[in-house]
Amino acid sequence: MAKIAEKRGMQVVLGVAEFLPFKRQSFDLILIVAALSLFKDPEKALCEAAGVLKPGGQIIIGILDRNSLHGYFYESRKKEGRFSSEAKFLSTAEVSGWLIELGFEEIKACQTLFKHPEKIERIELPQKGSGTGSFAAISARKTFCGFGD
């Protein structure tokens, strides 16, 4: 992937989420989609993200909620596939709790995928909140006097 991105003119920095190779307070926005469940230590990865995020910066995290139809579906089939067997599915409440512990504010969630994975026939529009949808997007803002300042 990195070689393909470089060939397309993108700047690539290889690293590990739990030990980011960036200066403190160097990003305005951090986006983690469908990856947090694959990190060896997702809580440490969020701590690292907080450190490289500028005060007032935003983090957006997309997860397949462990406590959802899709979460139960994939959890019950972990041994069948490489992706789901390596994933440690997380809940929206768990990720939000970590963000609160790290000093983030304005934590909001929206969700989609409300039907069983085998019964989805069309795009399902997102709704505010969490608890009924399988895919959750969680956003939060780093405080000006919070972690890493």
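The values are calculated or read from the model by the stated rules, or taken from the named source; none is laboratory data. Since this is a predicted model, take the numbers as computed values, not measurements. When we count neighbours, we look across all protein chains shown, and the Cβ atoms used for this are built from the backbone with ideal geometry, even at glycine.
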Reported set for the range 80-119 where residues are aromatic (Phe, Trp, Tyr) and either out of contact with any strand residue (DSSP E or B) (no Cβ under 7 Å at 6 or more places or on another chain) or closer than 25 Å to ASP28 by Cα (or both) is PHE83, TRP98, PHE104, PHE114
Counted residues in the range 20-73 being modelled with pLDDT under 90 and over 14 Å from SER91 (Cα atoms) come to 1
Among the residues of the range 1-32, which ones are surrounded by 13 or more Cβ atoms within 10 Å (Cβ to Cβ) and in contact with a Pro (Cβ under 6 Å, 6 or more places away or on another chain)?
-> none
Report yes if some residue within the range 61-76 is aromatic (Phe, Trp, Tyr), more than 17 Å from VAL33 (Cβ to Cβ) and surrounded by fewer than 17 Cβ atoms within 10 Å (Cβ to Cβ); otherwise report no.
-> yes
Residues of the range 99-149 classified as touching an Asp or Glu at 6+ places or on another chain (Cβ under 8 Å), assigned to a loop (DSSP other than H, G, I, E, B) and hydrophobic (A, V, I, L, M, F, W, C), total = 2
Taking the range 46-62 on its own, how many of its residues are of a type in the set (A, V, I, L, M, F, W, C) and out of contact with any helix residue (DSSP H, G or I) (no Cβ under 7 Å at 6 or more places or on another chain)?
-> 6
Within the range 1-37, the residues that are of a type in the set (Asp, Glu) and assigned to a loop (DSSP other than H, G, I, E, B) are GLU18
Among the residues of the range 37-68, count how many are among the hydroxyl-bearing types (Ser, Thr, Tyr) and over 12 Å from the mean Cα position of the chain (by Cα).
-> 1
Could you tell me which of the residues LYS142, LYS54, LYS128 is farther than 24 Å from LYS23 by Cα and of a type in the set (Lys, Arg)?
-> LYS128
Closer than 30 Å to PRO117 by Cα, assigned to a helix (DSSP H, G or I) and not polar (S, T, N, Q) - does that describe any residue in the range 51-69?
-> yes
Do we find a residue being farther than 26 Å from PHE19 by Cβ, basic (Lys, Arg) and either without any contact (Cβ under 8 Å) to a residue 24 or more places away in the chain or surrounded by fewer than 15 Cβ atoms within 10 Å (Cβ to Cβ) (or both) anywhere in the range 33-47?
-> no
